[in-house]
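The values are calculated or read from the model by the stated rules, or taken from the named source; none is laboratory data. This structure is a prediction, so every number in the text was calculated from the model and none was measured. Cβ placement follows ideal geometry from the backbone for every residue including glycine, while neighbour counts extend to all protein chains displayed. Just the protein is used for accessible areas: all its heavy atoms, side chains included, with ligands, DNA and RNA removed. Shrake-Rupley method; radii C 1.70, N 1.55, O 1.52, S 1.80 Å.
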Amino acid sequence: MSLDKYFKRKSLEDEESIKASSHVTQSSSKKSHIEINPDTLLADPGLRRPIYEYHINDRDAIRRAYLQKGPCQPSHYDFPQKQFGNISTLRRFNPAWFGAYPTWLEYSIAKDAAFCLYCYLFKLKGGVDSFVGDGFSNWKKRERFDLHIGKSNSSHNAARIKCENLMNEKQSIMSLLSEQTVKSQSDYRTRLNASIECARFLLHQELPFRGHDECECSSNQGNYLELLHFLSRNNEAIKRVTFSEAPKHNKLTSPDIQKNITQATAEEIINVIIKDLGESLFSILIDESRDISIKEQMAVVIRYVDNNGHIIERFLGIQHVSDTTASSLKAAIEALFSKHGLSISRLRGQGYDGASNMRGEFNGLKALILNSNPSAYYVHCFAHRLQLTLVAVTKKHNEVGDVFNFISSIINIVGASCKRMEVIREKQYARIIEGLENGEISSGRGLNQETSLIRYGDTRWGSHYITIIRLLAMFSSVLDVLEIIREDGMNSEQRTEAIVLTSIMESFNFVFMLHCLRRILAVTNELSQALQRKDQDIENAMSLLKTSKERFKLMRENDWESLLEEVSSFCIKHDIDILNMDDEYKLRGRSRRKSQGITNLHHFRYELFNNIIDIQLTELDDRFTETSMELLLCVACLSPNDSFSTFNKEKLIRLALFYPSEFSIVDLMVLGDQLDTYIIDLRGDDEFSGIEGIASLAEKMVKTKKNLIFPLVYMLIKLSLLLPVATATMERVFSAMHIVKSRLRNKMGDKWMNDSLVVYIEKDIFNKIDNEAIMKRFQNMKTRRE
């Protein structure tokens, strides 16, 4: 579906919502005041309700909201052409006009018309102006913009002055009536600064603001008020203006003030992100998860390349979605993009997990976005697919599945009570002390800390590897606890289960499988950790995947002897019988008459060790099919490894054809010439020798100003870096969500949770924002008493 069809469909939906909301307003505006949420205001000027239809008490808040957002200027939109007169002359809106009139000119995609933001906000009912009503669309008469501005006493300039006065707190009626003295202004500023400082600390540490009992006689008024009391005890000025002489109606300590400060801080952070993004292209990472109150939340992260050539992933926001169908998710994305002035037309990549509603070929979110923008190429999360390969191995190899089932049973019975876990800790502590005394274990800061068994999960990346590592480290302690359960179990079922599990753990087969899986999972765990880096690029990810496959092949050929020696040493240490590899293999639980007639060597080396590695390699090939995708094959030609050994001019020109919006026919010809000079220049430059990965290449090009010499080549590099690798940032967002909205804060609203998450996740930006910027935005949110 083209952008035009999409925006027309969206316009019809918005018009229906406008009619419904307008009906409610007209029928009830005189009777009751219906509060308007500024975040839900439509960005498209052609679809907005007239300002006079809002309740009079809401108008200033709505005006402030629109002025803070700024005019609607979709500069990257493909503006349609229209014919004027009998002559077949086609004209369209010129995006350069946004630069000529940056503060007031707006464009409506729905109506293909220009509007004036100032006049919309303060135009009186009944006034006639094409820039307010149906919009101006006579593109051949550009001079009408200057005529609309008019002289100093024109209605446009009068509206502009009203907008400036509205955003200037010193010009507000409330401020003029209060006749504040310099002292009262200074006191208010000190009081507000103290409130912001308290909010900053709590947001940075993600601590609750409110208390159960906040009355003055309470022994604990909550973190916010208690922190304010702490500041006042150590600062006489804060104590005076906040408690001693503060007006009762303006102490700046109410829950609404706390939320306003949090919102102002979050908006400042998002504003920094949007400014850093600028007009650059970007990709999105999206995932959904339930919060503690069983509400489905969709998180959105944008990935872009900044002016220094660094890959940046930033959290944009979290949206509550009533359902997780692809259409609902896309509607939520559109609402978020509209709020921040972003456009789907600037998307050049999308990354999700493998859920059908996300990546479905026909109705999934991937398909819906591709219909609007064919250049937004989809990449399935690499880390998620890597985890799926492990899950597939456990299902396809019976003995691997059995081992993990046994591990699960061991963890369940050993961790069934606090008493058993305490015994494990004591046994493990005693063994560590003994090891330190014997010199078997090294001492040092951070070493030999208390540990425990953890349960693995199919959806938790790397959890299978950590579970095996912990079990091997606590092997003797676990056996001791099973021995205690065998003797003192509560019932015969527990005692029998302990006997069976002890027998399994003390078998050579179980020990061999633990060490075999530990070695194999170590490779995938290293790959998983590398893929989860924020600055990872697609070419390097494919290179890491190739390296992991090579490691598996080398392991299959060379690691058998060292593995067998490691297993034998472990068995000797724990008094476990070691099998003779030349003896006939006896399958546990099967009659000798049905023996397969194979040796232990054949079973453990070929049926287990080699077979598991083969299945792992097959799954990697099946899951990571991008190696055969033409797009990624072309991207690989940008790699600077081994002095640009994979450089291929024809494939790089083919890569440019994937992005027709960035490379015209003329650009493609110029690109060919640039590539010839580019490869000779960089191969002969010592600055670029030894560089590994496209991400490092982009940084080095910016540092040496080569991006200005070869702009089209650098554009290809940026586009390749935009392709997402893994959704690890999304997992970090949801981890933060469970910290922010915890069991004790399960009533937290969606707006406050989103603002708190933005501040908590983007701490590096938050720490650079001073209180002055937060104060200014806080004051401009609405008319304040001072």
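Taking E106 as the residue in question, decide whether it is out of contact with any Phe, Trp or Tyr (no Cβ under 8 Å at 6 or more places or on another chain) and at pLDDT 85 or above.
no
Take the conditions farther than 25 Å from F282 by Cβ, at pLDDT below 90, part of a helix (DSSP H, G or I) and charged (D, E, K, R) and apply them to D673. Does it pass?
Working: farther than 25 Å from F282 by Cβ: yes; at pLDDT below 90: no; part of a helix (DSSP H, G or I): yes; charged (D, E, K, R): yes.
Against the criterion (farther than 25 Å from F282 by Cβ, at pLDDT below 90, part of a helix (DSSP H, G or I) and charged (D, E, K, R)), D673 does not qualify.
Within the stretch 699-718, which residues are basic (K, R) and open to solvent by less than 30 Å² (accessible area, probe 1.4 Å)?
K706
So V391 ticks every box in (1) open to solvent by 20 Å² or more (accessible area, probe 1.4 Å); (2) within 30 Å of F510 (Cβ to Cβ); (3) modelled with pLDDT under 85 but one. Which box is left unticked?
(1)
Here is a list of conditions, (1) in contact (Cβ under 8 Å) with a residue 40 or more places away in the chain; (2) within 30 Å of L716 (Cα to Cα); (3) crowded, with 18+ Cβ neighbours inside 10 Å, and L579 meets all of them except one; can you say which number that is?
Result: L579 passes all but (2).
I need the full set of residues from the stretch 730-759 which are closer than 30 Å to S375 by Cβ and either without any contact (Cβ under 8 Å) to a residue 60 or more places away in the chain or open to solvent by 10 Å² or more (accessible area, probe 1.4 Å) (or both), in order please.
Within the stretch 730-759, E731, R732, F734, N754 meet the criteria.
At least 3 residues that are in contact with a strand residue (DSSP E or B) (Cβ under 7 Å, 6 or more places away or on another chain) in each: list the helices (runs of 4 or more DSSP H) lying fully within the stretch 678-786 that qualify.
711-722, 728-740, 750-761
Could you list all residues from the stretch 505-535 that are basic (K, R) and at pLDDT 90 or above?
R518, R519
Determine whether I665 is open to solvent by less than 40 Å² (accessible area, probe 1.4 Å), at pLDDT 90 or above, more than 34 Å from the chain's Cα centre (by Cα) and of a type in the set (V, I, T).
No: the conditions fail for I665.
Of a type in the set (A, V, I, L, M, F, W, C), in contact with a Cys (Cβ under 7 Å, 6 or more places away or on another chain) and in a helix (DSSP H, G or I), is that true of L563?
For L563, the condition - of a type in the set (A, V, I, L, M, F, W, C), in contact with a Cys (Cβ under 7 Å, 6 or more places away or on another chain) and in a helix (DSSP H, G or I) - is met.
Among the residues of the stretch 345-360, is there at least one that is farther than 22 Å from S661 by Cα, out of contact with any helix residue (DSSP H, G or I) (no Cβ under 6 Å at 6 or more places or on another chain), open to solvent by 30 Å² or more (accessible area, probe 1.4 Å) and among the charged types (D, E, K, R)?
no
Do we have any residue at all in the stretch 268-285 that's out of contact with any Leu (no Cβ under 6 Å at 6 or more places or on another chain), part of a strand (DSSP E or B), closer than 30 Å to L207 by Cβ and not aromatic (F, W, Y)?
The answer is yes; a qualifying residue exists.
Picking from T502, T496, T524, T547, which residue would you name as being within 30 Å of V635 (Cα to Cα) and surrounded by fewer than 19 Cβ atoms within 10 Å (Cβ to Cβ)?
After ruling out the rest, the residue left standing is T547.
State which residue is modelled with the highest pLDDT when the search covers only the stretch 586-605 and only residues that are more than 51 Å from the chain's Cα centre (by Cα) and surrounded by 10 or more Cβ atoms within 10 Å (Cβ to Cβ).
First, pick out the residues of the stretch 586-605 that are more than 51 Å from the chain's Cα centre (by Cα): 586, 590-599.
Still in the running and surrounded by 10 or more Cβ atoms within 10 Å (Cβ to Cβ): 586, 590, 595-596, 598-599.
Details: K586: 79, R590: 54, S595: 54, Q596: 63, I598: 85, T599: 89.
The qualifying residue modelled with the highest pLDDT is T599.
Before we move on, is S696 in contact (Cβ under 8 Å) with a residue 40 or more places away in the chain, closer than 26 Å to S283 by Cβ and open to solvent by 20 Å² or more (accessible area, probe 1.4 Å)?
In short, yes.
Within the stretch 634-649, work out how many residues are surrounded by 20 or more Cβ atoms within 10 Å (Cβ to Cβ) and hydroxyl-bearing (S, T, Y).
Residues that pass the stated criteria total 1.
For the stretch 49-70: of the residues being open to solvent by 30 Å² or more (accessible area, probe 1.4 Å) and part of a loop (DSSP other than H, G, I, E, B), which is modelled with the highest pLDDT? Walk me through it before giving the result.
So in the stretch 49-70, the residues open to solvent by 30 Å² or more (accessible area, probe 1.4 Å) come out as 50, 52-53, 55-57, 59-61, 63, 67-69.
Now drop any that are not part of a loop (DSSP other than H, G, I, E, B), which leaves 50, 55-57.
Numbers: P50: 87, H55: 84, I56: 83, N57: 81.
Checked the stretch 49-70; the qualifying residue modelled with the highest pLDDT is P50.
Is there a residue being more than 14 Å from the chain's Cα centre (by Cα) and polar (S, T, N, Q) anywhere in the stretch 723-738? Before the answer, list the steps.
Step one: list which residues in the stretch 723-738 are more than 14 Å from the chain's Cα centre (by Cα), which gives 723, 738.
Within this subset, residues satisfying the condition of being polar (S, T, N, Q) are none.
Checked the stretch 723-738: no residue is more than 14 Å from the chain's Cα centre (by Cα) and polar (S, T, N, Q).
If the requirement is being crowded, with 16+ Cβ neighbours inside 10 Å and under 28 Å from the mean Cα position of the chain (by Cα), which of these qualifies: L652, L671, L675, L620?
Residue meeting the stated conditions: L620.
Only one residue in S328, S283 is in contact with a Pro (Cβ under 9 Å, 6 or more places away or on another chain) and either at pLDDT below 90 or buried (at least 22 other Cβ atoms within 10 Å of the Cβ) (or both), so which one is that?
S283
Where the second residue is surrounded by fewer than 16 Cβ atoms within 10 Å (Cβ to Cβ) and of a type in the set (A, V, I, L, M, F, W, C) and the first is touching a residue at least 24 places away in the same chain (Cβ under 8 Å) and part of a loop (DSSP other than H, G, I, E, B) and lies in the stretch 140-164, which pairs have Cβ atoms under 9 Å and are six or more apart or on separate chains?
Note: pairs meeting the criteria are K140/F84.
For the condition surrounded by 14 or more Cβ atoms within 10 Å (Cβ to Cβ) and over 19 Å from S742 (Cα atoms), what is the one hit in R191, R233? Don't jump to the end; show me each part of the working.
Numbers: R233 fails: surrounded by 14 or more Cβ atoms within 10 Å (Cβ to Cβ).
Answer to the selection: R191.
To keep it simple, each residue is scored yes or no on (1) out of contact with any helix residue (DSSP H, G or I) (no Cβ under 8 Å at 6 or more places or on another chain); (2) surrounded by 13 or more Cβ atoms within 10 Å (Cβ to Cβ); (3) under 30 Å from A636 (Cβ atoms).
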{"residue": "L514", "(1), (2), (3)": "no, yes, no"}
{"residue": "I520", "(1), (2), (3)": "no, yes, yes"}
{"residue": "S543", "(1), (2), (3)": "no, yes, yes"}
{"residue": "S562", "(1), (2), (3)": "yes, no, no"}
{"residue": "S569", "(1), (2), (3)": "yes, no, no"}
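Per-residue answers, yes or no, for (1) farther than 26 Å from E539 by Cα; (2) of a type in the set (G, A, S):
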site	(1), (2)
A376	no, yes
V391	no, no
E399	yes, no
S408	yes, yes
S417	yes, yes
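Pairs, please: C-beta under 6 Å, at least 6 apart or cross-chain, first residue free of Cβ contacts under 8 Å to residues at least 40 places away in the same chain and in the stretch 316-338, second part of a loop (DSSP other than H, G, I, E, B) and surrounded by fewer than 20 Cβ atoms within 10 Å (Cβ to Cβ)?
S328/V321; A332/V321
I'd like the full set of residues that are surrounded by fewer than 15 Cβ atoms within 10 Å (Cβ to Cβ), more than 24 Å from M753 (Cα to Cα) and over 20 Å from the mean Cα position of the chain (by Cα), limited to the stretch 244-278.
Passing the criteria: S244, E245, P247, K248, H249.
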